[in-house]
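The structure appears right after this line, and notes come after that.
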Amino acid sequence: MADSKKSLKDVKTVCTNRKAYHDYFLTETFEAGISLKGTEVKSLRDGKANLKDSYATIKDGEMYLMNCHISPYSAGSRENPPPTRTRKLLMHRREIERLLGKTKEKGFTLVPVKIYFKKGYAKVELALGKGKKLFDKRRAIKEKESKREIERALKKR
């Protein structure tokens, strides 16, 4: 039991993709490692990453993270890799094949939700999501606003 509490403290979140919760109905989440080069790890430890328009794809039985922006490390040399390069994600082959089958279904995509460090290794939390329509987004906004108003009214009492 003490080990589970310790492992929760070992997780340090670098960045989250809050827009994913607004744009997609997220069903399942998966954890994958990231293959990074050189100073990208130090840049991640500084919290200089952005998942806003990123997504994951599967090509030739391997998974890749596309459009993830990791800023170049300020103290790095000219050897810094490009900020939006394609990065390989590390998962077991069976998990990748399972995800490939699920993404073949109509409307499902792999969306990175957050990047974090776990036991010193950089990890990505991927979620299987289905895109929301405009009316779904409006409904979600209305529900949030109504909850806020109810909480305010209860707080004033």
Original post:
Is there any pair with a first residue in the stretch 112-125 that is within 19 Å of G38 (Cα to Cα) and a second that is among the basic types (K, R) whose Cβ atoms are under 8 Å apart and which are 6 or more apart or on different chains, and what are they?
Top reply: I115/K123; Y116/K12; Y116/K123; F117/K12; F117/R45; F117/K123; V124/K114
Subject >> Conditions (1) out of contact with any strand residue (DSSP E or B) (no Cβ under 7 Å at 6 or more places or on another chain); (2) on the phi > 0 side of the Ramachandran plot; (3) not aromatic (F, W, Y); number of the one not met by R85 >> reply: (2)
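Is it the case, given these coordinates, that K5 is at pLDDT below 85, surrounded by 12 or more Cβ atoms within 10 Å (Cβ to Cβ) and not aromatic (F, W, Y)? Give the steps one after another, and end with the answer.
Details: at pLDDT below 85: yes; surrounded by 12 or more Cβ atoms within 10 Å (Cβ to Cβ): no; not aromatic (F, W, Y): yes.
So K5 fails the test.
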Original post:
Does K59 satisfy the condition of being of a type in the set (K, R) and over 24 Å from Y21 (Cβ atoms)?
Top reply: yes
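Right, R139: more than 14 Å from T16 (Cα to Cα), over 13 Å from the mean Cα position of the chain (by Cα) and free of Cβ contacts under 8 Å to residues at least 40 places away in the same chain or not? Before you say what the answer is, go through the steps one by one.
Working: more than 14 Å from T16 (Cα to Cα): yes; over 13 Å from the mean Cα position of the chain (by Cα): yes; free of Cβ contacts under 8 Å to residues at least 40 places away in the same chain: yes.
Taking the combined requirement at face value, the residue satisfies it.
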Original post:
Applying the selection to the stretch 43-90, what residues are crowded, with 19+ Cβ neighbours inside 10 Å, among the hydroxyl-bearing types (S, T, Y) and within 19 Å of the chain's Cα centre (by Cα)?
Top reply: S43, S54
Original post:
Which of the following residues is under 30 Å from K12 (Cα atoms) and either out of contact with any Phe, Trp or Tyr (no Cβ under 6 Å at 6 or more places or on another chain) or surrounded by 10 or more Cβ atoms within 10 Å (Cβ to Cβ) (or both): G107, G120, G101?
Top reply: G120
Original post:
From the set of residues in the stretch 36-55 that are touching a Ser or Thr at 6+ places or on another chain (Cβ under 8 Å) and either of a type in the set (A, V, I, L, M, F, W, C) or touching a residue at least 60 places away in the same chain (Cβ under 8 Å) (or both), which is farthest from L100 (Cα to Cα)?
Top reply: A49
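The values are calculated or read from the model by the stated rules, or taken from the named source; none is laboratory data. What you see is a predicted model; the values in this text were computed from it and never measured. Neighbour counts are summed over all protein chains in view; Cβ atoms, including those assigned to glycine, are modelled from backbone coordinates with ideal geometry.
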